[in-house]
Every structure is written in C-alpha cells, then in structure tokens.
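Report on the structure given below.
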Amino acid sequence: MMQTAYYQLPLATKPQQQATMPAADSRASVTQLLAGACATPCSTAAHTFVQIVPPLSRFQLALDVLMPMLDARIELPQRILVAYILYSLYAPHPININPFKSVLCATFIRERDVAVQVANSGGVGENEQLIWVLWKILKGDGSDIGPFSPNTLARSPLPPKLRAANLTFDEDTPVVPLPADPVGNVHSSAQSAVRESAQGQGPRWAEDASSERDQEMDKLSRAMTLLLAARDRVLTIAEQRTLLPAIPQLAAPPMVTSVDLPGIIANNPVIAHPLVSALLAADSEEGPDTHLDVLRRLPPALPSFDLMGRLLRDATAITDGATGGRTTIADLVRTEVLGWFIHECVSWLDRAEQDERAGNVSDDRFAKGVQSLCRFYNALIKFAIVDPASDADSAEMAHFTLRNARFEEANALYRVLASAAGGF
C-alpha cells in the first residue's frame, strides 16, 4: 500500500504537530493531495486527508475547499475523489446522517439532469461515472468505491442500465438544491444548508420504480464493482455467483479494456472464460482483434492454459470479421490465437531460463512453465486440436521439448512428436 509520504505533504506523519498546523498549510496540503492522488485508491486518498488535516478543521476545510470542487469545472477524477472524501469523513455512520448528504444529493440531481439531456440528444454524458459514484454513495454502498482509483472509475464505461437516466431511487429526506454561480461554484450561502437539517416538505427527486427493477439495478451495480475488483484479487465463490449472470450485460458494451484482461485471467480464470467469450461474441466497433491480441500474449501459467482450453472447446457462434460469415469461438481461437500463444509461451520460458542462469530469479517458474506447457500441448494432441505430424503445427514445440528433454514431461512430449513425424 502506498504511504502518505508518497505525496510529500507537509507534516503528514507527525500527529503531534497537526494540531498547530496553520489553516493555509492544510489547504495547500489538501489541494496537493487532490491534484496527485487520482491514480491511487479512493480509500488511500481519504485516509491521507484525515492524516494531514487536524480533526477540528476537517469539517470547515471540507466546506471551504471540497464542496466548491464538487461542482467546479475540474477534471472528472478529482470530482469523484471529492465526492468520496465527503462520504468517507462519516463513513462509519449511515449515509442519512452524513452532514454532506444534501450536497451530494443536489449534485446528483444536477449532474443527472445534464446527462439525461445529452442522452436525449443521442450522446453519452461525460459525467456518467460521477453520477454512478454519487448514486452508490447515496444508496449506502460507498464502501464499494474505496478500492478503486478515481482514474479507473472515470474511464470505466457503464452498462446502459447503469447510466444516468436509469439511476433513480426513493428518498424520504427532502433535498434542498444548492445555488451556484455561472461557473458552477457553490455560493457560500449554500454552505449553511449543510449544517442544518431540512425542515418541512420538499420536492421528491426520485422517480417511481418497481422493487424488482431496483433489485436488478443493485445486482448489476454490484456485479460491475466485482468485475473491477476481479483485476486485482481472487473473488470468493459467492462473489463469482453474483458476477457470472451479469457478464453478458457488462460485456456489451465492454466495461473492461484489454489492459484489464490479464489481471482478471490471472486471478479469476473461472470468470475469465465467460467474460472473454462474451467480449468475442459482442458486436463492438473495435471487433475482437484487441481481445485476441491479449490472448496471444498470455504467460505460460495455469490460468492461461485453463482459459485457452475452455476457449478451444467453446462452440459459441460468432461473426467472422474476415469473411462476414459465421464461425465459432473455438475455430477463431484455434486459427488466430493458438500458434501465436504457443510461440509467446516458448519465448517467455526461454527468457525465464536465461534469468534463472543469471541468478536474477530464485523461484522455479521456468521448470513449472515447461511442465505446464508440455501437459497443455499433450492435451491439444489428445483432442485433435493440433496435428503432431504437421511441421506447421508442431515444429517449434519439437525443438523446445528436445532442448528441455531433461524434464520428464518435455521428454515424453518429444517422443510423441518425433514418433508422429516418423523419427522413431
């Protein structure tokens, strides 16, 4: 975990001096934090805010610095981070008693109206991700946001059902809209609204929605959060069961990029197969080439072989981008990925062997990789996916197994390949 010293903020690690930190220094430190923390998890940035601002100054500083930034014309990741920090200051308590709830509600309404106007014109609002983050916070699910960086949240596309026009929920507490100046900054007169509870009847800002629809939205939102988390950690069985039914909706349009796929494959191969299958089957503008390139460059690890084996048996029908006809995922992966994947595995293991001989690594990644690749290739021969008698299919593996014949699996595979080629 990154330490607060990463930001080089003054007095961040000396609690005994925080009580006397001048207000100007606190403001400068918070401004520096907001400018440099958008690549780190929201929870880390919020923790740093608590460290660098004395307890008695946090509320006033949030009023004077954070609240205006929530509605200012600044970068979207910074606005997302500001919203999370306002939530996190009172995270141990229900959102209903968070003194900044009315501000978050008002911003949600205002941003949602803007996004709906853009959607009605046929576009997608630039603030959709901020609206979703505010929706999560106001529903009491703000903790789901903490592990992700503002940059990640800002660039992650949303499924159509989680866009602004669909994000509505009932709220008993009346919402008092905050006045703003022409450039979007909240007036100081609006700050007093945060300190006072709303009295009497106010306009209801939630649209009528059925309980069933609300549950569906919550499940999809939870699944989206889990898919983001799947890049960095292994999901529990319960989390996998929550995510799997929603994968088709999260893949069209794709909610993850090619940069995200290797992490998901390495940590969650059970999730990776339906996800990659859905991505290849989706009729997206960029086509399957981006995702196929990720598959070609996977390392020779068990999750990679598990995924490739599943894809090579996947009979899902998809459109052939080259001919415009129909093919299957299995045929596409066999013709466009498998040979390149084997070549990349061999190259990866050659580099691993060099690193081992040079003393740069102390683990057994090379030996395990050779064993796993040979077992995988034996399975390909068993299921008639590759022809051991074909030089085009097996020449590279024949040379590789001969070079590494000291390993039992490589020796056995070389004998199979040599026999098929008429060598024995």
When you go through (1) modelled with pLDDT of 90 or more; (2) more than 37 Å from the chain's Cα centre (by Cα); (3) open to solvent by 70 Å² or more (accessible area, probe 1.4 Å) one by one for LEU413, which number turns out not to apply?
-> (3)
Residue list for region 386-406, filter: under 14 Å from ALA420 (Cα atoms) and hydrophobic (A, V, I, L, M, F, W, C) | VAL386, ALA389, ALA392, ALA395, MET397, ALA398
When residues of region 387-424 are filtered for being of a type in the set (A, V, I, L, M, F, W, C), under 18 Å from PRO300 (Cα atoms) and touching a residue at least 24 places away in the same chain (Cβ under 8 Å), how many remain?
-> 5
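Considering each of THR328, THR319 in turn, give the residue that is at negative phi, at pLDDT below 90 and over 22 Å from the mean Cα position of the chain (by Cα). Spell out the reasoning first.
On the way: THR328 fails: at pLDDT below 90.
The match here is THR319.
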Which residue, of ARG204, ARG231, ARG213, is assigned to a loop (DSSP other than H, G, I, E, B), of a type in the set (Lys, Arg) and modelled with pLDDT under 80?
-> ARG204
Tell me which residues, restricted to region 343-352, are open to solvent by 10 Å² or more (accessible area, probe 1.4 Å) and in contact (Cβ under 8 Å) with a residue 40 or more places away in the chain.
-> HIS343, GLU344, TRP348
Residues (crowded, with 17+ Cβ neighbours inside 10 Å and free of Cβ contacts under 8 Å to residues at least 40 places away in the same chain) located in region 365-377 | ARG365, PHE366, GLN371, CYS374, TYR377
Single match in THR242, THR257 (criterion: among the hydroxyl-bearing types (Ser, Thr, Tyr), open to solvent by 50 Å² or more (accessible area, probe 1.4 Å) and at pLDDT below 90) = THR257
Does ASP320 meet the test of being open to solvent by less than 70 Å² (accessible area, probe 1.4 Å) and closer than 21 Å to VAL294 by Cβ?
-> yes
Go through region 44-63 residue by residue and tally those that are of a type outside the set (A, V, I, L, M, F, W, C), in contact (Cβ under 8 Å) with a residue 40 or more places away in the chain and out of contact with any Phe, Trp or Tyr (no Cβ under 8 Å at 6 or more places or on another chain).
-> 3
Filtering region 112-171 for residues that are touching a residue at least 60 places away in the same chain (Cβ under 8 Å), part of a helix (DSSP H, G or I) and among the small types (Gly, Ala, Ser) leaves a count of 1
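The values are calculated or read from the model by the stated rules, or taken from the named source; none is laboratory data. Just so you know, these numbers come straight off a predicted model, no measurement behind them. No Cβ is skipped: glycine too gets one built from the backbone with ideal geometry, and neighbour counts run over all protein chains shown. Remember, those area values only see protein heavy atoms, side chains included, never the ligands or the DNA or RNA. Shrake-Rupley method; radii C 1.70, N 1.55, O 1.52, S 1.80 Å.
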